[in-house]
Amino acid sequence: MKHRRAYLMMAVAIVFGLGAVLLASHWLLHQNPGGANRVVVAGADVNLGQRLAPDMLKLADWPADSLPPGAVRDPLKLSGRVLKTSVLRGEPLTEAKLAPAGTLGGLSALIAEGKRAITVRVNDVVGVACFALPGNFVDIIVHTQTDGSGPGQAISKIVLERILVLAVAQEVSRDDTKPRVVNAVTLEVTPDQAENLDLARSVGSLSLALRNQVDPRPGVTGGATKATMLGQHAAPLPDAAPPAPVLRVQLAQRLKVDVSSLSCCAHHTPR
C-alpha cells in the first residue's frame, strides 16, 4: 500500500513537471529575444544623397531599451527616400538621417534649408584643395587691389568664414579621409554669402584656408598688404612750416609809417 501511494505521488509530480516545462517553452517561444523590436536597418553601405531602394533595406531585431529615436519599422515607408548622411550595413535608419519626403537624390538633398551651393575653382597648391574634403570647414581669402584714384594696392583679406564644403569635384562622400587632387570645390553658403563670393572671384583670386571643425571663433583681421607683410610703416608726415614772423613785419610797417609822418611834418614846418 505504501509503495502504491509513493508511485502515485511520483506520477503526479512528473505530470506537473511536464506541464510546467510545456508552459515555459510556450511562453518563451512567443517572446522576442531580449525584448527586441524589429526595425529597418541598412542592408548594405549607402552613401549620402542616394535614394533608398527595397534591396538596400532589411528588418532586424533591436533591443527595446536601446531603440534609436525615430526608428522606422516599415520598410515600405522608406522606399524612394534620400539619405542626407552615409550609413553602414546593419545601421538603423531614422528620420534624422533622411531628407524630407519628396526630395530628389543628389547634391540638392544635402543643402540645408535656407542655404545655397556654389562651386569655385581651385588648384592643387593654392587653398589646400587636396585636403578640403566634404564635411570640412574653410575660410575664403580673396587677393585683389584696393580702390582709389591712383594705382590700387595689393591686399589679401578673409571675406567668408567657416564655410561648409559640400563636395570636392563630383564626390560628396564624407567617409573618405584620403587627400585628392581636385579642381573645383562646392560650398554651402547663405544667399548673401553667395553674392559676396561671386563678387570676390570676379575681382581677384580665391584661396581656401582649412580650419578646425570645432573652432567657431571668428578670425578678425584687417587684411594683409605688402607693407604689413614686410613690417613697414607709413612714412611720417613732414613737420609743419614755422609760422611767419608776423610781429617783425608789423614792426617794420609801423616804423615806416612813423618815418613817413616825420617827413611830412618837416616839409610843413614854417621857416
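The values are calculated or read from the model by the stated rules, or taken from the named source; none is laboratory data. Note that this is a predicted model, so its numbers are computed, not measured. Here the Cβ positions follow ideal geometry from the backbone for every residue, glycine too, while neighbour counts run over all protein chains shown.
Couple of notes before you dig in:
- Subset of region 15-34 [loosely packed, with under 10 Cβ neighbours inside 10 Å and at pLDDT below 70]: 28, 29, 30, 31, 33
- Filter result for residue 121 (modelled with pLDDT of 90 or more, within 30 Å of residue 229 (Cα to Cα) and of a type in the set (Lys, Arg)): no
- Members of region 131-145 found to be farther than 15 Å from residue 155 by Cβ and outside any loop (DSSP other than H, G, I, E, B), listed by number: 137, 138, 139
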